[in-house]
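Enquirer: Once you've had a glance at the structure underneath, I'll fire off some questions.
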Amino acid sequence: MYVLISACLLLVAAGRTQTNGMNVPLARGLGLEKLMEGMEYLKKYSYIHLDAGKDGNGLDMAMIKSGIGKYQVFHGLPKTEMIDEETLDKMDLPRCGCRDPEFTGEAERDEFRYWLEGGMWNKTELTVRISRIPNLMSKKSVRRVLKQACRVWSSRSPLTFTEVRSGGADINVKFMGTMDHGDRRAFWRPLGEVGHAFSPSDPALPGDIHLDASESYSFEEETDGINLFQLLVHELGHTLGLGHSPHPQSVMYPIARAYDPAFELSRNDMAGLHALYGRKSRARLRNRQRH
Ligand SMILES: [Zn+2]
Ligand SMILES: [Zn+2]
């Protein structure tokens, strides 16, 4: 926080040296707290690195503007390279805490383009376990939703998911009761970051899915709260090795989508899944359709 405050004050000081104040990457009419809010967000998701500034004060104007621009491009916003209302509105939406990949622009927005987190399972039969769940939540409902979410990925690939109720599992779903839960990826404000997950190659927690236990989750067609099925489909994607996608229709888009009855893998989700694990064989598909 200290770095942020100093950096913001320096930015304002830099702006005051200009007659039109255009050096400060903040839209007219917005207060300094909005700049701090935006910079905190961009720092958290690695769009800017305040302690890597050229001048030793953690301030590198070009890097800050470029970070704002990259965020705007990834999320399909006008590239103003300044913190403005539209950018802040997007930052206000609940999202997954995993980082967004480097995205250079619209030319990359191909419907089959996908991003990988690194790593993949070297087997197709995966086990999944709900390791930690709040007392007030229905285990039965969460199990049912997790099964549905696994089916989204297994129906389009050779992968199978089997739930285990004890012992080790490849994928562990944990509802974390504290914002800071010891993995240096603390959740922040309610409806800020609702969950995050770890790729199969993560050195510490491969296959872990952490969900914020303090959020209000919705099941099936309920429209209030975070839709648990959709969030689990997304986080499962990370545990399979997929990264975020800039396509709003992708299940790997980082911002939590409101309940969508047509929520399904998009073409770029499937392209990534097939690149890692291949397609479901025709024989298995026929077999599945028969049952
Ligand atoms: Zn994510
Ligand atoms: Zn965590």
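The values are calculated or read from the model by the stated rules, or taken from the named source; none is laboratory data. All figures in this text were calculated on a predicted structure; none of them were measured in a lab. Note that we place each Cβ from the backbone using ideal geometry, even for glycine, and neighbour counts take in every protein chain shown.
Enquirer: Restricting attention to the stretch 173-182, does a residue exist that is surrounded by fewer than 16 Cβ atoms within 10 Å (Cβ to Cβ), in the same structural domain as residue 220 (by TED's automatic domain parsing), within 16 Å of ligand 2 (Cβ to nearest atom) and of a type in the set (Gly, Ala, Ser)?
Expert: Yes, the stretch 173-182 contains at least one residue that is surrounded by fewer than 16 Cβ atoms within 10 Å (Cβ to Cβ), in the same structural domain as residue 220 (by TED's automatic domain parsing), within 16 Å of ligand 2 (Cβ to nearest atom) and of a type in the set (Gly, Ala, Ser).
Enquirer: Within 22 Å of the chain's Cα centre (by Cα), at pLDDT 90 or above and part of a helix (DSSP H, G or I): which single residue out of 76, 69 fits that description?
Expert: 69
Enquirer: What is the residue count in the stretch 180-204 for residues that are small (Gly, Ala, Ser) and either within 13 Å of ligand 1 (Cβ to nearest atom) or modelled with pLDDT under 85 (or both)?
Expert: Residues meeting the conditions: 3.
Enquirer: Can you say whether residue 130 is among the aliphatic types (A, V, I, L, M) and under 30 Å from residue 29 (Cβ atoms), as far as the supplied structure shows?
Expert: no
Enquirer: Answer with yes or no whether residue 195 is small (Gly, Ala, Ser), within 11 Å of ligand 2 (Cβ to nearest atom) and without any contact (Cβ under 8 Å) to a residue 24 or more places away in the chain.
Expert: Here the answer is no, as residue 195 does not meet what is asked.
Enquirer: Could I ask something else about it? Would you point out which residue out of 239, 162 is surrounded by fewer than 15 Cβ atoms within 10 Å (Cβ to Cβ) and among the β-branched types (Val, Ile, Thr)?
Expert: Unique residue meeting the criteria: 162.
Enquirer: Among the candidates 241, 177, 207, 167, which residue alone is at positive phi, of a type outside the set (D, E, K, R) and away from ligand 1 (no atom under 16 Å from the Cβ)?
Expert: 167
Enquirer: Based on what the data block shows, is residue 116 closer than 29 Å to residue 271 by Cβ and more than 18 Å from the chain's Cα centre (by Cα)?
Expert: The answer is no for residue 116.
Enquirer: Only one of 165, 185, 189 is basic (Lys, Arg) and touching a residue at least 40 places away in the same chain (Cβ under 8 Å); which?
Expert: After ruling out the rest, the residue left standing is 185.
Enquirer: Only one of these conditions is not met by residue 207: (1) under 16 Å from the mean Cα position of the chain (by Cα); (2) away from ligand 2 (no atom under 13 Å from the Cβ); (3) of a type in the set (Gly, Ala, Ser). Which number is it?
Expert: For residue 207, the failing item is (2).
Enquirer: Run residue 127 past the list (1) crowded, with 20+ Cβ neighbours inside 10 Å; (2) of a type outside the set (Asp, Glu); (3) assigned to a strand (DSSP E or B) and report the number of the one that doesn't hold.
Expert: Unmet for residue 127, out of (1) crowded, with 20+ Cβ neighbours inside 10 Å; (2) of a type outside the set (Asp, Glu); (3) assigned to a strand (DSSP E or B): (1).
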